[in-house]
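Reading through the structure tokens given below for one structure.
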Amino acid sequence: MNVLKTQVAIIGAGPSGLLLGQLLSKQGISNIILERVTGDYVLGRIRAGILEQGFVELVREAGAARRMDEEGEIHDGFEISVDGHRTHIDMKKLTGGDTVVCYGQVEITRDLMAARETAGLITYYEATDVALDNVKSASPSVRFRHDNEAYTLQCDYIAGCDGFHGVSRQTIPAHIRTEHERVYPFGWLGVLSETPPVSKELIYCKHQRGFALASKRSASRSRYYIQVPLSDKVEDWSDDAFWQELKKRLPPEAAAQLVTGPSIEKSIAPLRSFICEPMQYGNLFLVGDAAHIVPPTGAKGLNLAASDVAALYKVLVRVYQQGDKTCIKQYSEIALRRVWHGERFSWWMTNMLHNFTDMSAADMDGKTFARFMQSELSYYLASENGQKVIAEQYVGLSYEELAN
Ligand code: RFL
Ligand code: PHB
């Protein structure tokens, strides 16, 4: 048995784990990351594209922002199209100056991995049989296997950054956890293509045929999504069928501009709202998708992961630099307040923008629910106050400080 020691054991080398590790090491707090798959596999997952200002600042503090600052696109606004009628949400004007940055999760992850390697920090990729022990004690540990050898990692704290299907959340006894969940009756079919985007800004499209989103990664790379029934399989959708359906849902002027091409990646993501409370148990802290999932309609998943990282980082810096352990119990409450706001916003945007007509939702038939949501959306889009409510949540609510 190999025995390792560190201050903070981090489970998962997704954006949450890598960002936390980088921030902690900048403050002299040692950490080791255990990741189930290879680095290349992690980089193969095409996910988020929109970063809130709070996230951007954390990446700068972590010392991994050079490429994001050079290549990320600042977005002042986005559009909502309702059956082809477009409304521009001018985030910058409506919020008094706030914007978001369009830069892919894959690139952020790549930059954080490179920064970790440059700093000589330890990551065990392809760590299997990860199991968390004694998390309620002052000396927790993590068992794992790597290259056919058994290891024990002794530590002070464990950050469970291992996503929705990880082991960390399951380590909290079931009677301690309350889990809230809404599984939506549809998914998003996403396509990445090396084609110029239809628009400078994102277009969220509500359409009788179902939701669509026109997003991008750069001036030459597009990311598009369409709402599909959960019964659909990726193999059912040829590239051609995807482009034809997308064209029908985009506003006509945008559809006319659409440049199509072969898909580089194509996948279906189910939509889910999920929250686990509390987000801590003894010296184990859940961070990011390990504790909560949002439907992607509000672009909040990665951004909520970042606000969890910010909260845990503040707690651990105070613990190690000021010797104050009393702040530890604040983590879950601080993180959950922001999580619930992001969850509510994502659920609301999902309800307003998707087609529920053939489904039942919120205890009523889909047709009635759809009419309520149509009215809700037109109310918010029709006034500056309504648009402001959407804009200030899209750019992201501010981060909370620790109490003294
Ligand atoms: P991740 O990225 O899932 O990383 C968890 C890591 O843990 C590893 N792991 C384990 N490691 C060791 N032992 C185990 N037993 C382990 N089990 C798992 C996994 O291999 C993995 O590497 O979670 P993290 O770091 O919390 O990051 C969360 C984000 O990935 C996620 O919230 C976002 O991608 C969500 N999301 C979006 N968020 C935004 O803020 N803006 C967006 O525009 C946005 N668009 C999206 C999205 C998610 C999408 N999908 C596919 C769900 C668009 C889509 C389509
Ligand atoms: C993306 O570019 O992948 C993206 C952007 C905004 C969303 C969801 C996904 O709301």
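The values are calculated or read from the model by the stated rules, or taken from the named source; none is laboratory data. Model, not experiment: these values are computed from the prediction. FYI the Cβ positions are ideal-geometry reconstructions off the backbone, even for glycines, and counts take in every protein chain you see. Keep in mind that these areas ignore ligands, DNA and RNA; they rest on the heavy atoms of the full protein, side chains included. Shrake-Rupley method; radii C 1.70, N 1.55, O 1.52, S 1.80 Å.
Looking only at segment 110-161, which residues are surrounded by fewer than 17 Cβ atoms within 10 Å (Cβ to Cβ) and in a strand (DSSP E or B)?
Within segment 110-161, THR128, ASP129, ALA131, ASP133, ARG143, ARG145, HIS146, GLU149, ALA150, THR152, GLN154 qualify.
Examine segment 164-180 for a residue that is part of a strand (DSSP E or B) and in contact with a helix residue (DSSP H, G or I) (Cβ under 7 Å, 6 or more places away or on another chain), and state whether such a residue exists.
No, segment 164-180 contains no residue that is part of a strand (DSSP E or B) and in contact with a helix residue (DSSP H, G or I) (Cβ under 7 Å, 6 or more places away or on another chain).
Within segment 192-224, can you find the residues that are farther than 20 Å from GLU107 by Cα, away from ligand 2 (no atom under 14 Å from the Cβ) and either assigned by TED's automatic domain parsing to the domain that holds TYR103 or not basic (Lys, Arg) (or both)?
Scanning segment 192-224 gives HIS207, GLN208, GLY210.
What are the residues in segment 1-31 that are surrounded by fewer than 21 Cβ atoms within 10 Å (Cβ to Cβ) and in contact with a Leu (Cβ under 7 Å, 6 or more places away or on another chain), if any?
Residues satisfying the conditions are LEU4, THR6, SER25.
Identify all residues within segment 79-101 that are buried (at least 22 other Cβ atoms within 10 Å of the Cβ) and within 30 Å of GLY39 (Cβ to Cβ); write none if there are none.
The answer is VAL100, and nothing else.
Looking at (1) in contact with a helix residue (DSSP H, G or I) (Cβ under 8 Å, 6 or more places away or on another chain); (2) within 16 Å of ligand 2 (Cβ to nearest atom), which is the one condition that is false for GLU79?
Exception for GLU79: condition (1).
How many of the residues making up segment 281-306 are open to solvent by 10 Å² or more (accessible area, probe 1.4 Å) and more than 16 Å from ligand 2 (Cβ to nearest atom)?
Looking only at that region, the number is 3.
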